[in-house]
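The values are calculated or read from the model by the stated rules, or taken from the named source; none is laboratory data. All values reported here derive from a predicted model rather than from experimental measurement. FYI the Cβ positions are ideal-geometry reconstructions off the backbone, even for glycines, and counts take in every protein chain you see. In case anyone asks, the SASA skips ligands and DNA or RNA and just uses the protein heavy atoms, side chains included. Shrake-Rupley method; radii C 1.70, N 1.55, O 1.52, S 1.80 Å.
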Amino acid sequence: MSKHTAAPPLPFEPEFVEGLRQVFEQRIPFNQVIGLKLFEMAADHVVGRVDMRPELVGHFSYNRLHGGVISATLDAMGGMAVMAAIGARHMDEPPARRLERFVKLGTIDLRIDYLRQGIGDFFTAHAEVLRLGSRVASTRMEFRGADGALIATGAAAYIVS
């Protein structure tokens, strides 16, 4: 029996990456409010970061990050992972056409498990697509502290058509 391996995905064009970054960081005002930045994007995962600021505190006695920031970050990162996966699926199209595919993307189910307090100078969020169907995509996400400790996990489903 021969062993078959899938070809590695083609890297995204700079125009596509910059277009997604603009949508994510500049055209979604709430991502600006929480300071969510996209740091890494590939066909199979995305990574983002939120820096701690006084406006994001949910418990003043501990300077703890508000749970809503964690939830919103994981939801946004799950959506971005779906965008990257859709972009990778349609590499035969020009970048501008692929960027138009995201107008119908929306969260239909979101589950967050909070595991520890969000205390630190910054936080990272990682998301990956578990399944990309023609109508629905499923994702898994992680929210970590600056020390790498797992603070929360998430799972979500997104409508894609």
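Out of the total accessible area of the chain (probe 1.4 Å, heavy atoms of protein only), what percent is carbon and sulfur?
Values: 4850 of 9090 Å².
Carbon plus sulfur share of accessible area: 53 percent.
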*Other-chain or far-sequence residues with amide H under 5 Å of Ile119's (modelled H)*: Leu65
*Starting with the highest mean, order 104-112, 80-88 by the number of other Cβ atoms within 10 Å, averaged over the residues of each peptide.*
80-88, 104-112
*Once amide H atoms are placed 1.01 Å from N in the peptide plane, what residues at a sequence separation of 5 or more from Ile151, or on another chain, have their amide H within under 5 Å of its amide H?*
Phe143, Arg144, Gly145
*Along segment 53-65, what does the Karplus equation 6.51 cos²θ - 1.76 cosθ + 1.60 (θ = phi - 60°) give for ³J(HN,Hα), rounded to whole Hz, x for Gly and Pro?*
9, x, 5, 9, 5, x, 9, 5, 5, 10, 6, 8, 4
*Quick one: Karplus J couplings for segment 20-25, per residue in order, coefficients 6.51, -1.76, 1.60, θ = phi - 60°, nearest Hz, x for Gly and Pro?*
5, 4, 5, 4, 5, 9
*Which value, in debye to the nearest 20, describes the size of the charge dipole of segment 1-154 about its Cα centre when Lys and Arg Cβ atoms bear +1, Asp and Glu Cβ atoms bear -1, and nothing else is charged?*
360 debye
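With a probe of 1.4 Å, find how much accessible area the chain has per residue, and write the answer as a whole number in Å².
For the chain, the per-residue accessible area is 56 Å².
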*Per-residue HN-Hα couplings for segment 34-41 [Karplus 6.51, -1.76, 1.60; θ = phi - 60°; Hz; x = Gly/Pro]*: 8, x, 6, 10, 8, 10, 8, 9
*Please work out the C-alpha center-to-center distance from segment 33-101 to segment 105-122 and express it in whole Å.*
11 Å
*Among Val103, Ala88, Gly120 - extreme Cα towards positive end, dipole of segment 64-149, charges at beta-carbon*: Val103
